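Note sheet for the following structure.
The values are calculated or read from the model by the stated rules, or taken from the named source; none is laboratory data. Model, not experiment: these values are computed from the prediction. Neighbour counts run over all protein chains shown; Cβ positions are idealised from the backbone, glycine included. These area figures cover heavy atoms from the full protein model, side chains too; ligands, DNA and RNA do not enter into them. Shrake-Rupley method; radii C 1.70, N 1.55, O 1.52, S 1.80 Å.
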Amino acid sequence: VTDGKKEAFDSDAIEMRSGSQWVQVDLGASHVIYAVALWHDHRYIQITRDVIVQVSDDPEFKTGVTTLYNNDRDDSSKQGAGTDKEYFETKWGKIVDGKATKARYVRGYSKGTSLTALNCWQELEVFGEPAK
């Protein structure tokens, strides 16, 4: 998920079981996050369901959680109901505004697609700078 490979090849994807699943990145220290870019399987025209991007300084995401993006309108992933729009996956990925939020950990959720119940991640990139 953090190898820089965004092409839609099986060897560059992580496929996970159905249901709400997440990937997490540890930045090693608290950073000011300006953007999070994510890519799900974009080999087919599809919509990834319940895409949620959260950041926190807590590796367990029990305290200090900030939600940057959430299109889970019915709260089926149990992270709160979101108001962001669903989108078609493309080779360009999805860029989420980091809102200059300070955090060490970035977590991305998904819950299947419009074509399959499985979850497939290609890449997750974080853009920011070390917090002072």
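The one condition from (1) farther than 11 Å from Gly108 by Cβ; (2) surrounded by 13 or more Cβ atoms within 10 Å (Cβ to Cβ) that Ile45 does not meet is (2). All of (1) open to solvent by 20 Å² or more (accessible area, probe 1.4 Å); (2) part of a strand (DSSP E or B); (3) not small (Gly, Ala, Ser) hold for Gln122 with one exception: (1).
Checking each residue in region 84-112 for being of a type in the set (Lys, Arg) and either assigned to a strand (DSSP E or B) or open to solvent by 90 Å² or more (accessible area, probe 1.4 Å) (or both) picks out Lys85, Lys91, Lys94, Lys99, Lys102, Arg104, Arg107. Can you work out which of the residues in region 82-115 that are β-branched (Val, Ile, Thr) and modelled with pLDDT of 95 or more is farthest from Gly4 (Cα to Cα)? That would be Thr83.
Taken over region 36-53, the residue count meeting the criterion of being over 16 Å from Val65 (Cα atoms), hydrophobic (A, V, I, L, M, F, W, C) and touching a residue at least 60 places away in the same chain (Cβ under 8 Å) is 4. When region 55-83 is filtered for residues that are over 15 Å from Ser20 (Cα atoms), open to solvent by 50 Å² or more (accessible area, probe 1.4 Å) and not hydrophobic (A, V, I, L, M, F, W, C), the ones remaining, listed by number, are Asp57, Pro59, Glu60, Lys62, Thr63, Gly64, Thr66, Thr67, Thr83.
Contact list please: Cβ distance under 7 Å, first residue in region 1-25 and part of a loop (DSSP other than H, G, I, E, B), second residue surrounded by 12 or more Cβ atoms within 10 Å (Cβ to Cβ) and basic (Lys, Arg), pairs at least six apart or on different chains. Qualifying pairs under 7 Å: Ala8/Arg43; Gly19/Lys111; Ser20/Lys111. Residue count for region 21-50 under the criterion of being farther than 18 Å from Phe9 by Cα and aromatic (Phe, Trp, Tyr): the result is 2. Considering each of Ile45, Ile52, Ile33 in turn, give the residue that is more than 20 Å from Thr2 (Cβ to Cβ) and hydrophobic (A, V, I, L, M, F, W, C). The unique qualifying residue is Ile45.
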